[in-house]
Structures are given as C-alpha cells and as structure tokens.
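Values in this text are rule-based calculations from the coordinates and carry no lab data. These numbers come from a predicted model, not from an experiment. Virtual Cβ from ideal backbone geometry, glycine too; neighbours counted across all protein chains shown.
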Amino acid sequence: MRTGQLQRGYTLISMLVGLLIGVITVGGMLMLYKSMVVVAKDVKTQAIQDGEVVASVLGAQVGLQEAGFGVSATAGQDLIVIANAKFDKGKLTGTAAAGYDSAVRGNAVVWGYNPSGANANPDPAAYRCGGLVLLGGANGAQLLALQPMACTDATSWGQLTWQTRALTSPGNMQATGLFEALASTCWPYTHTDAVNAMQLNYYPEPASASSSFGRGTQPTMADHAAFSVCLPNFRH
C-alpha cells in the first residue's frame, strides 16, 4: 500500500506570495528614498535662504552703526525713514516721515555720517549718505543696501543717484517688512550703560495689533523685531 508523501520545495502560490512581498518592499523603499531626497532638497533650500537672511541682517546692523557719526546728528536731517519707498533707475522715491517725536515706520531708511569726524578738524565736504530699502514684489521682497555716496545731508535722498548692493535674493524677505525709528532708552553696541537715543527696529512682518510701546509686562514692538539697533549718535 502506497503512503502519501509530504510535498517538498516551493509551490506556485508561495512563489507568488514571496514575489508580492518583494515588490511591496521595493516599492516602499523607493517611496522612502524619494521622500528623503525631496525633504533634503527642501531643507537645503531653506537653509540657504535662512543663511542669506541672517547675513543680510548682520550686514544691515553693521552699516547702521555709521549713522550720525562725525556730525551733530539730528533725526529728520541725518536720519530719514521713508514710507512707500520705490527704487527705479538709481532714484529713490517715497514719503519721508514729517517728525520723530513718536515712532515712525517705512520700508526704507537713509542716514548720514562724516567719516572725517574722527579727526580734529572734520571736513564738511566728506559727508556721506547710506541706507537700506526693502523692495516688495509679487513673490516677496528684497533687501538692498544703498551704497554710501557724497551728499549734503540725508534730506537730499530723493535727489541722489544711488548704487545698490543686494543683501538678499529677490523674494527672500517678507513683502510686509518695515523699519521703525523711535526715541528710546537703549544699549549701544559694546556699551554697558543705557542711553537716551534713537533706536531703529526692523520687522520681517508688522507686529500684531496687540503689541504695545509701553514698558513693563506688556509686549513691545521690539519683541517682534528681527533686529534692533541703538543709534548713540542721535541723543535726545
């Protein structure tokens, strides 16, 4: 009498099941690889943009340290905040702030200084103007530095033909960004004591409506600033 024998080896069904598992595994690995490559590319792009923005902020702060140097600095004459600023063919247009008794805001700021002011006999003809302008576009904004050039004082900003230097690529900044100048008690760079001077803040976006200029426990607009520079040459 013949007895049944156990089947040995692979059946067609087991081979198909194994093939299916293999296909699913390979597909999953390809999807994982694709997602990792896309994420890595996005992270790299964001890192480059963030680095550029940080570098532009540092460059802007360094430039602002010149404001009012070597002159009897006066806000409105040696420091001008310009609203609705536009730049075309070397010309800067916009509306300059009428007064600086309270905080003023705009998307451009121009300052004056005299590099010969460190000498015993400064040369009035050495007066220079420089500035920053945030130009908005459909996809964001670009921060430009207005290169220093000879001028009578900062109020001549609209008559000058400016050369610019891009601090960021187009679209790398918020189109709603602005500068704000106000009289404040602030700490100049490298100083340990506070002084009563003009302070310039830069905001990548306008502060929320709940912001307050008051002191104490209430948040101030400076709490929302990308940077805040104390301008010790503009005492008040």
Charges at C-beta only: +1 for Lys and Arg, -1 for Asp and Glu. How large is the resulting dipole of segment 57-235 about its Cα centre, in Debye rounded to 20? 300
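Taking segment 127-209 on its own, what percent of its Cα-Cα pair distances exceed 21 Å? Let's see the in-between values first.
Numbers: 1631 of 3403 pairs.
When every Cα pair of segment 127-209 is considered, 48 percent fall beyond 21 Å.
Taking neighbour counts of Cβ atoms within 10 Å as a proxy for exposure, in what order, fewest first, do 151, 129 appear?
On the way: 151 17, 129 24.
The fewest-first ordering by Cβ neighbours comes to 151, 129.
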What order do you get for 74, 152, 161 when you list them from fewest to most C-beta neighbours inside 10 Å? 161, 152, 74
Can you give me the P(r) profile for segment 57-235? Cα pairs, bins 5 angstrom wide beginning at 0, each as a whole percent. 1, 9, 17, 22, 21, 16, 9, 4, 1, 0
Simple spin-label estimate for residue 191 and residue 102 in nanometres, 7 Å along Cα-Cβ: 2.6
